[in-house]
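One structure below.
The values are calculated or read from the model by the stated rules, or taken from the named source; none is laboratory data. Quick caveat, the model's predicted, so the values are computed rather than measured. Heads up, the Cβs are rebuilt from the backbone with ideal geometry, glycines too, and the neighbour counts pull from every protein chain shown. Surface areas here come from the heavy atoms of the whole protein model, side chains and all, with no ligands, DNA or RNA. Shrake-Rupley method; radii C 1.70, N 1.55, O 1.52, S 1.80 Å.
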Amino acid sequence: MKTKIFSLLIVLTLLLSSCASAMNTTQSNTDIGNDNSTALADEAAAAPVIEQESNTDDGTSDSDVSPSLTYAIVDTGQGTCYDDSSVIACPASSESFYGQDAQYTGNEPSYTNNGDGTIMDNVTGLIWQQSADTDGDGDIDANDKMSYDSAVNYCENLSYANQDDWQLPTIKQLFSLIDFSGVDPSGYEDTDTSGLIPFIDTDYFDFSYGDTSANERIIDSQYASSTLYVGDEEYLFGVNFADGRIKGYGLSLRGREKTFDVACVRANNTYGVNNFSNNGDSTITDNASGLIWAQEDSGSDAPNGLNWEEALAYVETQNAANYLSYSDWRLPNVKELQSIVDYSRSPDTTNSAAIDPLFNTTPITNEAGETDYSFYWSSTTHANWTNQSGSAGAYVSFGSAMGYMDNTWMDVHGAGAQRSDPKAGNPDEFSTGRGPQGDAIRIYNFVRLVRGGEVSETPAGDPTARSMSTNTESADERISDPQVAQDAPADRTGAPGDRPAAGQPAGPDGQPMPDLAAAATTLGITEEALKAALGGPNQGPPDFASVAQTLGVTEAELIAALGVPQL
């Protein structure tokens, strides 16, 4: 037992050491009406750097997040590889499907529960309301949802956690929270959602599927952003954390104002503002994110588009050819790809793709016979609950997101939508689209190459990504059967801020890492006060009796909160 206590003291010392390595984040101002505004980009580049302590799930430091990046892209959290239909062992570089999302890892998601109903995103510097429980009755249901105008007013007039500078997030800020270890439940008809896995980290954020008691579908968990579509249709871009998509939603539905879940945000208001530079070598650097993009898309090489497997292979072909003198190109994950959407542009209003004019985009003819612009494949699989869990790939529409409604083709979701389509198959089988809005199905899409950024290769998959399931059976087996809803994955259903033992990182001798945020909550103090009392790593293992006295708690309470076994 003494050995266990000593091991945990070492772990606690290491944890304090990682906390002492503070993460730098940027702080600045203004709304993002035009995500590529030169004036805003200049402000973002000149924004002062602030110190922000990190508190990651594995107890490690976030010091690898560059302080110079004002738009650090949070990784998707996808750690599993797929083929055209299901989970596979991650392929080697010479094999099909190499180069997908799980085989590259960027800025790992990292949150701190501030203990006051807010959550700090340690990567983006954004501070969020923990819950969309806007009426304060302790649950999230249809009564909490608001129209667009009400949501804007709610956030602007909110005084919460001793702060009054809250705002409705932009679509890029909101999308930073999405977690692609989630599983799309579209078509799932059972009302028991306890075994489903949403596209947001429920260890930190309160979440609820649609309120079926109010005649909502379980996928009706659309969160409002402040970004309105600039096309001919009046749409609000929102993120659906139930099914993992961005869509443009009409402001009215069946003659009434459509309502949305609302989570307000504050701090680092320039997050999501691009700062592009033309490098003069047919590449474009976004100085805000650190990503380097090919100026051209794949349209000239493959004018008829590529399916998902071909898109991955196209990247490898370009690397083998040392395209533009580089051999480290990759297919962007869906959050990287969405980061370069320019939501101030659309085919209807600017006669261009929804992307900065520095980029060259290949025009297409859409389903309505009009000049338009393509969808781009991402490397991210959009997992679903069926027996073919990996059959859809996530894409971003840089042109109109078409659908067949009222016997005509129209832009139903807006340029800048993020959806998913089959990775393979015959698009002619979907001549009038699919789903209630007749969504156009394009299996053959274009590619926009990317390289650089704070990304490392993980050829065997991302070992740090959140697992879709803590059970021993595969995610395919688990989620394909609605009856397994009672076996909810332990690491997705705990109360926000509580980290279950099954998912807690281990230290020496397999002992769990102390969770300072959870310990502080248990003790009824702030995490900052707990860290200060424990002292810095150069002071050695803490004296629990002295720390307890400083904090006004008993030594036994402190030890129990930190998870240290008693003699």
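Just a few scattered comments:
- Carbon + sulfur, % of accessible area of region 73-137 - ligands and nucleic acids excluded, 1.4 Å: 43 percent
- Net charge contributed by nearby residues that have their C-beta within less than 10 Å of SER93 (K/R +1, D/E -1): -3
- Ranked by the mean number of other Cβ atoms within 10 Å of their residues, highest first, the peptides 103-111, 248-256, 305-313, 406-414 come out as 103-111, 305-313, 406-414, 248-256.
- Take 388-395, 240-247, 550-557 and order them by the average number of nearby Cβ atoms within 10 Å per residue, most first; the result is 240-247, 388-395, 550-557.
- Converting phi to 3J(HN,Hα) with the Karplus coefficients 6.51, -1.76 and 1.60 and the offset θ = phi - 60°, region 187-195 yields x, 6, 9, 6, 8, 7, 9, 5, x Hz in sequence order, with x at every glycine or proline.
- Shown are CYS90, CYS155, whose ranking by accessible area with a 1.4 Å probe and every protein chain present, most to least, is CYS90, CYS155.
- Quarter of the Cα convex hull surface for region 343-467, i.e. its orientation-mean projected area (nm²): 9.8 nm²
- Accessible area (Å², per residue) of region 164-278, counting only protein heavy atoms and a probe of 1.4 Å: 32 Å²
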